[in-house]
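Input: a single structure, listed below in C-alpha cells.
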Amino acid sequence: MRPTRLPFPDRPPTDQLAHLHRLFVARADAGGVLDIAVATVDSPIGDLLVAVTDLGLVRVAFGTEGHDAVLTELASQISPRILRRSGRTDPLARQLDEYFAGRRRHFEVPLDLRLAHGFRRRIVELLPAVGYGTTVSYGELAATAGSPAAVRAVGTACATNPVPVVVPCHRVVRSGGGIGQYRGGTAAKQALLDLEAATLGGVIR
Amino acid sequence: MTPFDDIVRQHGEMVWRVCHSLLRPADADDAWAETFLAALVAYPSLPADAHVTGWLSTIAYRKAIDHHRRIRRHAAPTADLADRPAADDPEPVDPALVEAVNQLGVKQRDAVVYHHVVGMSHREVADLLGLSHAAVRRNAADGIANLRRRLTATTRPAAPETPTPEAPTPETPSSDTPTSEMST
C-alpha cells in the first residue's frame with residue numbers, strides 16, 4: 001500500500017504569482033478600483049514608502065514611521081483598496097532617484113493634500129516656494145503665512161507634513177541655527193540639507 | 001483594516017490552487033484575476049470579523065465554476081479538456097483531475113475544494129456551508145474516493161478489472177488536517 005498523492009496543485013511556479021499580481025493591479029487600476037497605489041523607494045535616507053491616489057501623491061513615509069503602520073493608517077483614513085506594483089508610482093520613484101543623485105531640484109508630480117488640514121495645509125502649500133538648497137526659519141514661514149505668532153504651529157505643520165522630501169519641510173530650520181525636528185529624524189533632515197548644499201556647490205556632478 | 005495588498009499576498013496561493021483545480025491554466029489565471037478584482041470591489045464593506053479565507057475561497061470557487069460553465073457553453077465540439085496545451089505552457093495540474101473535480105456532485109465538490117484544495121478544516125467548511133461536521137467529513141472522503149476511481153479509470157484504461165480499492169481504504173485520517181493524500 002503506497003500513499004498516492006492526488007495531483008492537486010500545490011504551489012504556483014516561482015514568479016507566477018508576482019506576474020499575476022501585476023496583471024491584476026493593472027486591471028484594477030484601469031477599472032478605477034485601485035484607490036491607493038503604493039511603492040517602496042530606496043534612498044540614502046532609508047526606504048521611503050510612497051502612496052499615490054487618483055489625485056496625486058498623498059503620503060511619503062520614512063522607515064522610522066513603520067511602513068506597515070502607515071499603510072494601516074492609510075487604509076482607515078482613505079481606503080483599504082491599497083495595492084503595490086502599479087505603474088502609478090513610477091514617475092515619482094524616478095524623480096526621487098534623480099533628486100537623491102543630485103540631478104533634480106524640484107518635483108513635478110500632482111499632490112493630494114487631503115491628509116493636511118486647516119493651517120497645517122496652508123503651511124504645506126507654502127513650502128514648495130522655499131527653494132532648493134535654501135532654508136527659512138519657522139518664524140519667517142509663520143510671517144509669510146500671515147500669522148507671525150504661530151511659530152509653534154508652523155513647527156507642527158512641518159512635523160506632520162504628509163509628503164516630506166517632495167514638499168520640502170526639511171528646508172525649515174530654527175532661527176538660532178539648529179536644524180529642528182524632522183519626521184524622518186534629524187539625521188535624515190541634515191542629510192537632505194547636505195545633499196542640496198553639495199549639489200549647489202558642485203560637489204555632486 | 002488590512003491593506004488589500006496584504007490580502008493578495010497572504011491568499012494569492014490559495015486562490016491559485018482553487019482556480020487551477022477547476023480550470024485549465026489560461027482560464028485559471030483569468031479566474032485568479034477576476035477573483036481578486038471582485039474581492040477588491042467588495043473589500044471595504046467586509047465585516048471586521050469576517051473569515052477572510054472562507055470569503056475569498058468562496059469568490060474564487062464561484063468564479064472558477066462560472067468560468068467553467070462559460071467555456072463549456074462556448075467550446076467548439078473539438079475543444080476538449082484532454083487537449084494537450086502548448087508545449088511551453090506549464091501544466092500545474094493533471095487535466096484529468098481538473099475534469100474529474102468538475103464532474104463531482106456539488107456536495108462532494110464543495111467539500112473537496114474547501115477542505116483539500118483551500119485547506120480549511122472540516123469544522124470551518126461545515127460552518128461556511130451550514131452543514132454538520134460529519135456531513136462535510138463524509139462528503140470530502142466520498143469525493144476523494146470518487147476522484148481516485150475516476151483517475152484510475154482514465155489513467156489506466158487498460159488495467160485489468162481489479163476490485164476497486166475504495167472498499168478496503170482506511171478511513172480518512174482522523175485528524176482534521178486537510179490533506180490530498182490517500183492510501184491505495
message: As an exercise, take the mean of 1/r over every pair of distinct alpha carbons in chain A, invert it, and state the Kirkwood radius in angstroms.
response: 18.8
- request: Any chance you could list P(r) for the stretch A:118-200, counting all Cα-Cα pairs in 5 angstrom bins from zero, rounded to whole %?
  value: 3, 17, 31, 28, 15, 5, 1
query: What share of Cα pairs, in percent, lie more than 18 angstrom apart in the stretch B:1-75?
result: 35
query: According to the square roots a ≥ b ≥ c of the eigenvalues of the Cα gyration tensor, what is the shape class of the stretch A:18-100, taking rounded for a/c under 1.5, prolate for a/b larger than b/c otherwise, and oblate for the remainder?
result: oblate
message: Is the C-alpha gyration tensor of the stretch B:94-157 telling us rounded, prolate or oblate? Criteria: a/c under 1.5 is rounded; beyond that, a/b larger than b/c is prolate, otherwise oblate.
response: prolate
query: What percent antiparallel are the DSSP beta bridges of the protein assembly as shown, to the nearest 5?
result: 70
query: For the Cα atoms of chain A, what angle does the longest principal axis make with the long axis of helix A:186-200, in degrees from 0 to 90, nearest 10?
result: 70
message: Sorting check: for A:104-111, B:47-54, B:60-67, A:90-97, which peptide has the highest mean count of neighbouring beta carbons within 10 Å, and how do the rest follow?
response: B:60-67, A:90-97, A:104-111, B:47-54
- request: Evaluate the Kirkwood expression for the hydrodynamic radius of the protein assembly as shown, namely the inverse of the mean inverse distance over all pairs of different C-alpha atoms, and round to one decimal in Å.
  value: 24.6
- line: Singleton cysteines, the protein assembly as shown, no second Cys beta-carbon under 4.7 Å -> B:CYS19
- request: Could I have the simple spin-label model distance between A:ALA26 and B:ARG149, label points 7 Å from Cα toward Cβ, reported in nm to one decimal?
  value: 4.6
message: If neighbour count is taken as other Cβ atoms inside 10 Å, put B:TYR114, A:TYR99, B:TYR43 in order from fewest to most.
response: A:TYR99, B:TYR43, B:TYR114
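Each reported figure results from applying straightforward, stated rules to the coordinates on display, with no laboratory input. Owing to the predicted nature of the structure, the values given are computational and were not obtained by experimental measurement. Positions of Cβ are backbone-derived with ideal geometry, glycine not excepted, and every protein chain shown enters the neighbour counts.
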